[in-house]
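See below for the structure under consideration.
The values are calculated or read from the model by the stated rules, or taken from the named source; none is laboratory data. Just so it is clear, the model here is predicted, and its values are computed rather than measured. Cβ: placed from backbone, ideal geometry, glycine included. Neighbour counts: every protein chain shown.
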Amino acid sequence: KAGVTQTPRYLIKTRGQQVTLSCSPISGHRSVSWYQQTPGQGLQFLFEYFSETQRNKGNFPGRFSGRQFSNSRSEMNVSTLELGDSALYLCASSLKGGSYNSPLHFGNGTRLTVT
Amino acid sequence: SQELEQSPQSLIVQEGKNLTINCTSSKTLYGLYWYKQKYGEGLIFLMMLQKGGEEKSHEKITAKLDEKKQQSSLHITASQPSHAGIYLCGSQTGGATNKLIFGTGTLLAVQP
């Protein structure tokens with residue numbers, strides 16, 4: 001079974017631009033979660049999608065948005081990029097998402113650098 | 001909001017030595033997950049603990065959950081260079097906005 005696939009692996013953008021990151025979950029997984037990881041803040045929850053609906057959202061500004069398609073693939077968009085958005089963005093999929101018996105399986109992330 | 005604190009923040013051990021990493025929650029633990037991360041890569045799921053007193057092992061890694069203390073410990077026996085990386089604990093927050101949050105991480109280096 002293929003794991004969680006994130007594209008692109010690396011991305012360099014300039015301030016003010018927007019960016020779209022893509023995530024393909026493990027086959028059969030309906031929940032996709034997104035996390036931002038930085039040295040200072042650690043792993044921060046962005047949002048979770050389940051069956052094309054946003055089920056949970058973290059404390060990030062509205063510049064961060066996402067969506068999920070009918071095939072469970074998900075995209076994350078960040079508009080009006082700021083230097084502080086430089087981070088490793090991780091996507092994770094699971095069978096049920098918010099269930100206590102459904103661990104998250106992570107992709108290798110997209111390293112975003114904003115200059 | 002719930003927070004997970006890990007200790008120590010970093011650890012350097014000689015190959016073959018045992019070590020323990022702790023994860024303490026500020027609120028009730030609804031299941032506890034342990035992950036390992038190589039720098040710049042994704043997280044690898046190690047194990048999940050659900051009940052107080054539960055203990056699980058995977059190869060030379062053992063994790064225990066103490067619900068009363070709202071704490072979990074990860075113990076590595078006879079460490080090897082392959083054990084090096086960042087260890088993260090995660091827990092469901094529970095409630096209406098149930099989500100998985102993570103601890104601050106413990107960086108482990110194993111010297112040959």
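Are any residues in the range A:1-18 aliphatic (A, V, I, L, M) and more than 14 Å from A:Ser74 (Cα to Cα), and if so, which ones? Those that are aliphatic (A, V, I, L, M) and more than 14 Å from A:Ser74 (Cα to Cα): A:Ala2, A:Leu11, A:Ile12.
Residues checked against (1) more than 21 Å from A:Leu104 (Cβ to Cβ); (2) aliphatic (A, V, I, L, M); (3) within 11 Å of another protein chain (Cβ to nearest Cβ):
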{"site": "B:Leu19", "(1), (2), (3)": "yes, yes, no"}
{"site": "B:Trp34", "(1), (2), (3)": "no, no, yes"}
{"site": "B:Gln37", "(1), (2), (3)": "no, no, yes"}
{"site": "B:Gly40", "(1), (2), (3)": "no, no, yes"}
{"site": "B:Met48", "(1), (2), (3)": "no, yes, yes"}
{"site": "B:Ala63", "(1), (2), (3)": "no, yes, no"}
{"site": "B:His75", "(1), (2), (3)": "yes, no, no"}
{"site": "B:Gly103", "(1), (2), (3)": "no, no, yes"}
{"site": "B:Val110", "(1), (2), (3)": "yes, yes, no"}
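When A:Leu83 is tested against (1) surrounded by 13 or more Cβ atoms within 10 Å (Cβ to Cβ); (2) closer than 22 Å to B:Gly40 by Cα, just one condition goes unmet, and that condition is (1).
Tell me, yes or no, whether the range B:12-23 has at least one residue that is over 29 Å from A:Val4 (Cβ atoms), within 12 Å of the chain's Cα centre (by Cα), modelled with pLDDT of 95 or more and among the β-branched types (Val, Ile, Thr). Checked against the condition, which is being over 29 Å from A:Val4 (Cβ atoms), within 12 Å of the chain's Cα centre (by Cα), modelled with pLDDT of 95 or more and among the β-branched types (Val, Ile, Thr), the range B:12-23 yields at least one hit. In the range A:13-39, of all residues being within 14 Å of chain B (Cβ to nearest Cβ) and aliphatic (A, V, I, L, M), the one that is farthest from B:Tyr87 (Cα to Cα) corresponds to A:Leu21. Candidates A:Ser27, A:Ser22: the one that is touching a strand residue (DSSP E or B) at 6+ places or on another chain (Cβ under 8 Å) and either assigned to a loop (DSSP other than H, G, I, E, B) or surrounded by 11 or more Cβ atoms within 10 Å (Cβ to Cβ) (or both) is A:Ser22.
Per-residue answers, yes or no, for (1) more than 14 Å from every other protein chain (Cβ to nearest Cβ); (2) part of a strand (DSSP E or B); (3) loosely packed, with under 14 Cβ neighbours inside 10 Å:
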residue	(1), (2), (3)
A:Leu43	no, yes, no
A:Gln54	no, yes, yes
A:Phe60	no, no, no
A:Asn71	yes, no, yes
A:Asn77	yes, yes, yes
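Residue-by-condition table, conditions (1) of a type outside the set (Phe, Trp, Tyr); (2) within 20 Å of A:Leu43 (Cβ to Cβ); (3) free of Cβ contacts under 8 Å to residues at least 12 places away in the same chain:
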site	(1), (2), (3)
B:Asn22	yes, yes, no
B:Leu29	yes, yes, no
B:Lys36	yes, yes, no
B:Glu55	yes, no, yes
B:His58	yes, no, no
B:Leu74	yes, yes, no
B:Ala78	yes, no, no
B:His83	yes, no, no
B:Tyr87	no, yes, no
